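Right, one structure below, let's go through it.
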Amino acid sequence: MTIPNILGDTLTSHFDLIREIEIGLLDKSPSISPKFLYDPLGSHLFTAITLLPEYYPTKSEKEIFLQYKNEIIRTIGVGGTLIDLGAGNCQKAESFFNSLKPSSYLAIDFSIEYLKEAVTKLSGKYPHINVQCMGMDFSKKILIPESISENKRVFFYPGSSIGNFLTSEALHLLRQIKDQAKGGGLLFGVDLMKEESILKLAYDDPLKITAAFNLNILNSVNSLLGSDFNIFQFDHKVIINHNENRVELFIETLEQVTISWPGNSRVLKKGELIHTENSHKYTLKGISELLKDAGFLKTQIWTDSKDYFAVIYAQ
């Protein structure tokens, strides 16, 4: 079996991760960064979420890719380096391998163990592509190794993950991508504004897989922090924030609990919320203005038949 080139792990140190979790848990309004949702189990659970009939982003994006694939390829052009942000199981990027024909592929994800499994399979299937991977928390800073060719870099950020960032954070991320694309571009997905009933089902599905995904963040924190969260004392909660045009995910306490970990503890009252994720919804005008502020002067936009979702190539 072909072994992919693992470029290393630029993730924050274990000490810094622990400190980040502590700061969030001890805050007046407690929170846990959404990156901690994606431990190996969380990554698999998210893959399951994308298969749910209620989870429209995956279906809407797939419709766009199928209907406009040839146009997307013509817009981007073939060859070069494909850099996959939040690569997960790498399946979305792989679907473009035969048409985009990248000479090299760099998969980046916070969950490096899950990523290694995926890219090892890719290396065997596509020996003509230089497949590489690395662990990176690109939500803070994108660090593309000097060994990665600067010739025709195409960043790939599918799904609606750009919505997890506050506007200022999204702008910071987009500016970094623009700088590191070295004249290339960014192909990414954006979730568009829609009715509350559709959003509720997408983020609180009847099978409760999204609930399991959200609650699993407590297992992830226990593993890293040495804390004693008991999942049975918490529940998944979704709030649609119309003022901010976003879906907000929380963990809600079902009873008063005291959470302890080495050197500290926190009392959580019944009904208290721990924030875990935002998912902002954009208008086409809003995302276009954000891209322009980030330095992308040329954009091409494709939407699905229901205008639920958009795929954008920005240069």
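The values are calculated or read from the model by the stated rules, or taken from the named source; none is laboratory data. Because the structure is predicted, anything quoted here is derived from the model rather than measured. When we count neighbours, we look across all protein chains shown, and the Cβ atoms used for this are built from the backbone with ideal geometry, even at glycine. Please note that ligands, DNA and RNA were not included when accessible areas were found on the heavy atoms of the full protein model with its side chains. Shrake-Rupley method; radii C 1.70, N 1.55, O 1.52, S 1.80 Å.
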Subject >> Cα lying deepest toward the dipole's positive end in the chain, options Tyr55, Pro262, Leu85, charges on Cβ >> reply: Leu85
**OP:** Would you list, by chain and number, the aspartates and glutamates whose Cα falls below 20 Å from the Cα of Lys101, excluding same-chain residues fewer than 8 positions away?
**Re:** Glu71, Asp84, Glu150
**OP:** Would you mind giving the average projected area, over all directions, of the Cα convex hull of the chain in nm² with one decimal?
**Re:** 15.9
Original post:
Using unit Cβ charges (K, R positive; D, E negative) and no other charged atoms, how large, in debye to the nearest 20, is the dipole of the chain about its Cα centre?
Top reply: 900
Subject >> For Ile217, solvent-accessible area (1.4 Å; no DNA, RNA or ligand), Å² >> reply: 0
**OP:** Take the alpha carbon atoms of segment 22-43, find their center, do the same for segment 197-249, and report the distance between the two centers in whole angstrom.
**Re:** 11
Original post:
Taking the alpha-carbon centroid of each part, what is the distance from segment 148-188 to segment 276-306 in angstrom?
Top reply: 12
**OP:** On the full set of protein chains, 1.4 Å probe, figure out the accessible area of Glu117 and give it in Å² to the nearest 10.
**Re:** 100
**OP:** Using Cα positions and a limit of under 20 Å, work out the lysines in reach of Lys306, with same-chain residues fewer than 8 apart set aside.
**Re:** Lys59, Lys62, Lys69, Lys194, Lys200, Lys281, Lys285
Original post:
How big, in percent, is the set of alpha carbon pairs in segment 77-201 lying more than 19 Å apart?
Top reply: 48
Original post:
Can you give the helix-only mean residue ellipticity at 222 nm for the chain, where every DSSP H stretch with n ≥ 4 adds -39500 (n - 2.57) and the sum goes over all residues, rounded to the nearest 500 deg cm²/dmol?
Top reply: -11000 deg cm²/dmol
Original post:
Name the GluC sites (Glu not before Pro) in segment 135-193 that are in a loop by DSSP and that have at most 11 other C-beta atoms within 10 Å, would you?
Top reply: Glu146
Original post:
Taking only Cα atoms, what is the 0 to 90° angle, nearest 10, from helix 56-76's long axis to the longest principal axis of the chain?
Top reply: 20
Subject >> Nearest-ten-degree value, helix 167-180 long axis tilted from longest Cα axis of the chain >> reply: 30
Original post:
Ordering His242, His44 from largest to smallest accessible area (1.4 angstrom probe), what's the sequence?
Top reply: His242, His44
Original post:
Which of these, Asn130, Asn219, Asn89, has the largest mean-square fluctuation under a Gaussian network model of the chain (Cα springs below 10 Å)?
Top reply: Asn130
Original post:
Regarding segment 1-126, what whole-number volume in Å³ per residue does the convex hull of its Cα atoms give?
Top reply: 142
**OP:** If a/c stays under 1.5 just call it rounded; otherwise compare a/b with b/c (prolate if a/b is bigger, oblate if not). Do that for segment 42-110, with a ≥ b ≥ c from the square roots of the Cα gyration tensor eigenvalues.
**Re:** oblate
